[in-house]
Amino acid sequence: MTATGVRSAFRDGIRRVNGAPIVLFGMFVVTLLVAVPLTIALRSMLEAHLGQSLEAEAAAVGTNYGWWREFSAQASGLGTTFLPSVVGFGAVLDNLNAFLDGERLPPTLAGVLAGWMVIWSFLVGGVLDRYARGRPTRAHGFFAACGTHFWRFLRLGIAAAAVYAVLFQWVRPWLFDDGYERLIRNMTVERSAFTLRLVLYAVFGTLLMLVNVVIDYARIRIVVEDRRSALGALIAGARFVAREKGSVLLYLLNALAFLVLVLVYALAAPGAPRAGFSMWVVFAVGELYLLGRHYLKLLFYASETAFFQGALAHASYTAAPPVVWPDSPAAEAVVNADSAEGSSAALGTGR
């Protein structure tokens with residue numbers, strides 16, 4: 001598919017996401033609900049550490065960096081994630097750095113993330129079905145699609161986890177530990193070593209992108225083509241990406257939209273707040289950023305679904321819903337027949 005087709009799929013994806021605001025709102029609410037237990041647990045840790053001290057009074061007025069460093073030094077488990085970098089744009093950079101460097105998550109956070117992945121495996125079937133049909137499916141249709149595809153997506157998730165494990169456990173160390181150390185052994189210019197590391201990040205990021213694209217289209221093929229085999233869908237997704245180079249271009253276009261969002265957030269995100277109105281401003285800006293991330297995540301799926309349907313002529317999947325009583329042709333025929341009989345009777349009486 002040409003670049004025009006890629007742009008058309010991107011615009012169609014925007015239309016489909018905008019046409020289903022309840023899906024965006026639902027994803028946002030589910031994410032907040034998943035985060036609530038972590039928030040409560042962290043709040044208990046902070047209360048226990050602050051107590052009735054003077055640091056507690058200072059923290060109530062504004063950011064107390066002295067206490068924050070003290071808390072971080074003695075924290076364990078979930079508390080180790082409560083760092084100054086969680087405020088504003090620093091959280092984005094911190095998450096990106098942890099992802100690329102393959103840092104291990106605290107067990108509690110890893111468990112919540114695994115739970116979220118299971119929840120998403122359930123919901124994504126309904127999301128893709130809604131975007132593929134291009135029309136409201138109502139709650140019963142949405143959750144019916146979720147249940148139908150859940151076990152298929154769960155099996156696909158296990159296969160995807162194995163692929164990611166290979167990338168992070170073997171490929172990444174080979175690139176950044178063994179390969180990088182060998183290549184910079186005789187380098188004397190720090191800038192050259194930094195440039196080389198950026199190149200290796202680009203190589204690793206490209207591999208991750210290709211895997212993500214294949215998995216996305218495997219999900220789409222499971223829903224649109226009603227595939228039951230997760231492994232078969234994964235192979236079919238790889239074949240589609242290899243054949244349709246526009247699938248990678250569309251992914252890059254979506255990634256560019258995400259980069260724009262991140263840059264806007266970097267410019268708009270305030271620093272550590274004080275108590276009162278400024279605290280609520282920081283909270284509102286952060287929530288708007290999260291809402292934007294959810295929108296773009298759904299846009300990935302919607303535009304890729306539109307691209308796939310256009311490339312393989314699966315547009316019939318988005319046909320209007322089957323007509324039912326009293327709007328079906330059969331019902332209309334009965335009504336017409338009754339009208340015809342009534343007219344005949346009236347004419348007979350008139351004679």
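What follows is calculated from the coordinates using simple rules that are stated; it is not laboratory data. Note that this is a predicted model, so its numbers are computed, not measured. With ideal geometry, Cβ positions are generated from the backbone for all residues, glycine too; neighbour counts draw on all protein chains shown.
Structure notes:
- Cut-off 16 Å (backbone N to label point 7 Å along Cα→Cβ of PHE143), residues of the stretch 5-24: 23
- Spin-label model, ILE235/THR39: points 7 Å from Cα along the beta carbon direction are separated by 4.6 nm.
- Contour minus Cα-Cα distance for THR4 and LEU207 (0.36 nm per residue): 70.5 nm
- Segment ALA110..LEU267, full-extension length gain: 53.5 nm, with 0.36 nm per residue of separation and the alpha-carbon distance subtracted.
- Ranking of GLU244, GLU225 by neighbouring Cβ atoms within 10 Å, starting from the fewest: GLU225, GLU244.
- Sparse packing (at most 15 other Cβ atoms within 10 Å of the Cβ) combined with a DSSP loop state is found for none of the chymotrypsin sites (Phe, Trp or Tyr not before Pro) in the stretch 154-202.
- Using the Cβ-Cβ distance between GLU190 and ARG15 with R0 = 51 Å, the FRET efficiency computed as 1/(1 + (r/R0)^6) comes to roughly 0.55.
- Packing-based ranking of 110-118, 150-158 yields 150-158, 110-118, ordered from highest to lowest mean Cβ neighbour count within 10 Å.
- With a Förster radius of 35 Å applied to the beta-carbon distance between PHE25 and TRP174, the computed FRET efficiency rounds to 0.25.
- For the stretch 295-307, 3J(HN,Hα) computed residue by residue from phi via the Karplus equation (6.51, -1.76, 1.60; θ = phi - 60°) reads 4, 5, 4, 5, 5, 3, 5, 5, 5, 5, 5, 4, 5 Hz, glycine and proline entered as x.
- For VAL127, VAL241, the sequence from fewest to most other C-beta atoms within 10 Å is VAL241, VAL127.
- Neighbour net charge for ALA35 - beta-carbon separation under 13 angstrom, K R +1, D E -1: 0
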